[in-house]
Each structure stands twice: as C-alpha cells, then as structure tokens.
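Have a look at the structure below, then the notes.
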Amino acid sequence: MALDLSQELQVEVKGGHVRSVENGKIFVRALGFETFIRVLSIGHACLKPVSIEVENVLGREVQVLEEGHPLSPVERSLRSVSFQVIPKVKKEI
C-alpha cells in the first residue's frame, strides 16, 4: 500500500497498513511478525524528520532498525512504538 502525503512524501508498508495521517504523524497498524515501512521524499521538499507510530497488534517485542542498525530514540508503550526517521529522496530516472 502506498499513500501520498501532500505530494511530498510517499509511504510504503509491507506487513501492515497506514491507518491514518494526523498532524504530520503517520500511524501504521502492524499485522504480521515483520513489518517494513519505507518513507520517501518526492524531490527535496520534505527532508525533515517524520514521526511514525506503529500499533503493535500482537503486542510482542519490537526491534526498530534503519538500514540494518538499531534506531533510537524509540518510545514504547504496551501496544505501540513511536520513532522519527528522515525520508530518503526518491530518485526518478
């Protein structure tokens, strides 16, 4: 599933879906054991950090990685994980 946000961001989710976008924060519902989220910037319009909150439906331990490395800081609650990422630039050829 892909969702364009104000023609500036493209969000792709595997193993879940974008639940909503509110006040500049992306809410994702994770459905499986592995959920992959990719946030791309269209051009250079949005290279500032983007907040993502993942609802952890299964309630199991979650490890958040960015390019294979643990991401921090990560805020955790019983059923959700929140973090910020800087979108990658989407290159069109």
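The values are calculated or read from the model by the stated rules, or taken from the named source; none is laboratory data. What you see is a predicted model; the values in this text were computed from it and never measured. Note that each Cβ is placed from the backbone with ideal geometry, even for glycine, and that neighbours are counted across all protein chains shown.
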Just to be sure I understand the filter: pairs with C-beta atoms under 8 Å, separated by 6 or more residues or on different chains, first member in the stretch 72-88 and in contact (Cβ under 8 Å) with a residue 24 or more places away in the chain and more than 13 Å from E55 (Cβ to Cβ), second member of a type in the set (K, R) and surrounded by 13 or more Cβ atoms within 10 Å (Cβ to Cβ). Which pairs pass?
K88/R38
Of those in the stretch 35-46 that are among the hydrophobic types (A, V, I, L, M, F, W, C) and more than 20 Å from S72 (Cβ to Cβ), the residue modelled with the highest pLDDT is L40
Of everything in the stretch 1-34 that's assigned to a loop (DSSP other than H, G, I, E, B) and closer than 16 Å to Q84 by Cα, which residue is modelled with the highest pLDDT?
N23
